[in-house]
Amino acid sequence: MKKMMGILSVATILFLTGCTDKKDNDVSNTKIEQKEVFTWKLATTWGKTVVPLVSAPIEMAKLVEKMSNGRLLIRVDASNKHKAPLGILDMVKGGQYEMGHSGSYYWKGKDINTLPFTTMPFGMTTPEQYAWFYRGGGLELMLKVYDKHNVLSFPGGNTGVQMGGWFKKEIKTVSDLQGLKMRIPGFAGEIMAKLGVAVTNMAPGELYTSLERGTLDALEWVGPGMDIKMGFHKVAPYYYTGWHEPASEMQFLVNKKKFNKLPKDLQEILLVGMRVSAYDMYIQNYDMSATAWAKIKTDYPNIKVKTFPKEVMDVMKKTNKELRTEVAKKSDLLKEILDSQDAYQKKAREWTKMSDFLYLKDNL
């Protein structure tokens, strides 16, 4: 597969996905196809009220319908309709749905290579990670991983730095984590499990009830913009700052066979719709969190905002390094992805420190 330079052009993506049939590019053939209306279904991990995660596929569908002049219609089914919030990959792969919207790290049990495309603990920030996807070969690697599932995968919206979670008790030492029942997905869950936490993952709709009833002692979700609406602060007042998901990118999944059957102009419209709506979700979530954070001290005085002690953070970093070395041995492709992320982060972080970090340091 060619090394991608710059932003992936539609032509490059079509090459990567195998859509290079000369017949599909024939002008007369396109004129005939323009009369056909394609009706697709998209399944999300999120419930219909989980804004802005569910906003990305909804807005994408609206954009695609408008840009295609009604030739590509996409029905978005929230998790309360299809009842399989963590089964999105299987449903898209099997063809029950043409598209899906979820987080790539949910499939680590099925394919460990999907893990890094959402985010990694102590990893890249959102701008760094987007640059890696579109300028550093990340999207090429993601397409390579999902190809064996006959699925295409594209960035689907970022939450930025996520908070470290809601805890019923204060975490003062590493021993306070031992025996704790916590919902935390992805590689961060592996780290927490190594530190003695009883880690679990569950659908968003089950989180509050599980925390309230004691099935969970702690959980992480996203950030104040989404968390406050879930009501976690009512039963777990300790709110910790983030470390585990510095740039959580959701993913659009597309059934490859269905994509290949679309006319070229509709393929391009779909790609543009996904990209625009993904970035818009990032903007929306940032605004929601900034607005909610401004209200915390006055509207929610019971919330105790905390940062994990240095002792705990040091152990997490050490465990993260050890586990990354261990997990990279499971797959040559996974090692390639992690090495690619590490190399790009090392390069980009120098500019991040020179620009954002020093600017904030000198102006706070």
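Spatial offset of the stretch 107-126 relative to the stretch 300-364 amounts to 13 Å, using the alpha carbon center of each. With the helix formula -39500 (n - 2.57) applied to DSSP H stretches of n ≥ 4, the chain reaches a computed 222 nm mean residue ellipticity of -14000 deg cm²/dmol.
Hull volume per residue, based on the alpha-carbon atoms of the chain and their convex hull, is 140 Å³. Build a GNM of the chain with springs between Cα atoms under 10 Å apart, and of 317, 347, 264 the one that fluctuates most is 347. Across the stretch 68-204, how many lysine pairs separated by 8 or more positions, or lying on different chains, have Cα atoms within less than 25 Å? The number of close lysine pairs in the stretch 68-204 is 26.
Annotation: amide H of residue 197 within the under-5 Å range of 179, sequence separation 5 or more or interchain, hydrogens built in the peptide plane. When only alpha carbons of the stretch 142-274 are considered, Rg and Dmax amount to 18.5, 58 Å.
Dipole orientation for the chain: of the candidates 89, 250, 122, 89 has the Cα lying most toward the positive pole (charges on Cβ; Lys, Arg +1; Asp, Glu -1).
Every number in this text was worked out from the coordinates using simple rules, so none of it is lab data. On a predicted model such as this, the values are computed, not experimentally measured, just so you know. Because the Cβ atoms are built from the backbone with ideal geometry, glycine has one as well, and the counts that use them run over all protein chains shown.
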